[in-house]
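Chemist: Quick one: this structure, given as structure tokens, is what I'll be asking you about.
The values are calculated or read from the model by the stated rules, or taken from the named source; none is laboratory data. Just so you know, these numbers come straight off a predicted model, no measurement behind them. Don't worry about glycine lacking a Cβ; one is built from the backbone with ideal geometry, like all the others, and counts go over all protein chains shown. Quick note on the areas: whole protein, heavy atoms, side chains included, nothing else; ligands and nucleic acids left out. Shrake-Rupley method; radii C 1.70, N 1.55, O 1.52, S 1.80 Å.
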Amino acid sequence: MKNQLLAALPSEEYSRLVAYMEVVPLELKQELYLRNQPIKYVYFLNYGVASMLTVMTDGSAIEVATVGNEGMVGLPVFLGAEKVPGECFIQVCGSGLRMRVDAFKTHVTVTSPLYDILQRYTQALFNQIAQSAACNRLHSIEQRMCRWLLMTADRVETDTFAMTQEFLSKMLGVNRSTVSLTASILQRAGLIEYVRGQMTILDRSGVEDITCECYQVVRGEFKRLLNGN
């Protein structure tokens, strides 16, 4: 599996930039950047899922977006920021390429093909964040969980992946008992199987029937913008 942003580069440009990157494993719960701390690296995921969180002063947090092999972690650096009041960590382990921020700023300039690709990716990510905000306010926990499961499966390109109730509660902004009840409802309906921290989508079309419109909106916008439309 290869990062889609890097895969969209001309081969010569890809070779030029990858010389300044290193392949790294991405472990479960690994912190990629922390709240109000300088961002040291940008990451291009090849496999796995990263979660972007907004964190409150009391330590509570909710997911605002996810990043898989369609994107880059560390987008604030591209926009000229050194730190943000949020954090990002790995929720589904995998691997990727990381690049030091100083190298990124030096080699990804306005004349680089990656610069144009990242502009379009920025809009796609903004769309995801805006849609998530509306979804969290307007749609049921069952719809939101199904949206999250489908988006995660798309990013790892498999219907089975590791996931804990602790993570799901943070992702969805609800307590663990609510996550447990919702997962039980979906499991009894034969849509998913959840055993010992392992999530499997058994009936994808059934999960798609339950999820809200936000899944297709976000998916469609990423496809449209990253294809240059």
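Chemist: Is the shape of the range 1-141 best called rounded, prolate or oblate, per the rule: a/c under 1.5 gives rounded, else a/b larger than b/c gives prolate, else oblate, with a ≥ b ≥ c the square roots of the Cα gyration tensor eigenvalues?
Modeler: Here the range 1-141 falls in the prolate category.
Chemist: At what distance in nm do the modelled label points of Ala189 and Glu166 sit from each other, each positioned 7 Å from its Cα along Cα→Cβ?
Modeler: Computed distance between label sites Ala189 and Glu166 equals 2.8 nm.
Chemist: Suppose a student asked you for the relative contact order of the range 89-179, using Cα pairs under 8 Å spaced at least 6 residues apart; what percent would you report?
Modeler: It rounds to 26 percent for the range 89-179.
Chemist: May I pose another question? Lys and Arg at +1, Asp and Glu at -1: add these up for the other residues within a Cβ distance under 15 Å of Ile90 and post the number.
Modeler: Around Ile90, the charge tally is -1.
Chemist: What percent does the relative contact order of the range 43-146 come to when contacts are Cα pairs within less than 8 Å and at least six residues apart?
Modeler: With pairs under 8 Å counted, the relative contact order is 30 percent.
Chemist: Provide Glu22, Glu142, Glu213, Glu63 ordered by accessible surface of protein heavy atoms (probe 1.4 Å), highest first.
Modeler: Glu213, Glu22, Glu142, Glu63
Chemist: Now for a separate question. Top to bottom by accessible area (1.4 Å), largest first, where do Arg16, Arg120 land?
Modeler: Arg16, Arg120
Chemist: With everything on Cα atoms, drop me the angle between helix 176-188 and the longest principal axis of the chain, reported from 0 to 90° to the nearest 10.
Modeler: Result, in degrees: 70.
Chemist: Shifting gears a bit: Ignoring everything except DSSP H segments at least 4 long, calculate the 222 nm mean residue ellipticity for the chain; use -39,500 (n - 2.57) per segment, divide by total residues, nearest 500.
Modeler: Numbers: 10 runs with 106 residues, N = 229.
So the helix-based figure for the chain works out to -14000 deg cm²/dmol.
Chemist: Okay, moving on. Using heavy-atom solvent-accessible surface (probe 1.4 Å) with all chains present, what is the largest-first order of Ser205, Ser112?
Modeler: Descending order: Ser205, Ser112.
Chemist: Another one. Let me cross-check Val18: its accessible surface, 1.4 Å probe, with only protein heavy atoms counted, in Å² to the nearest 10?
Modeler: 40
Chemist: Report the local net charge at Phe222: Lys and Arg +1, Asp and Glu -1, summed over other residues whose C-beta lies under 13 Å from its C-beta.
Modeler: That works out to +2.
Chemist: Kirkwood hydrodynamic radius, the range 92-229, all distinct C-alpha pairs: what's the number in Å?
Modeler: Every distinct Cα pair counted, the radius reaches 16.7 Å.
Chemist: Still on this structure: Round to a whole angstrom and tell me the spacing of the C-alpha centers of the range 90-116 and the range 5-35.
Modeler: Going from one Cα centre to the other spans 6 Å.
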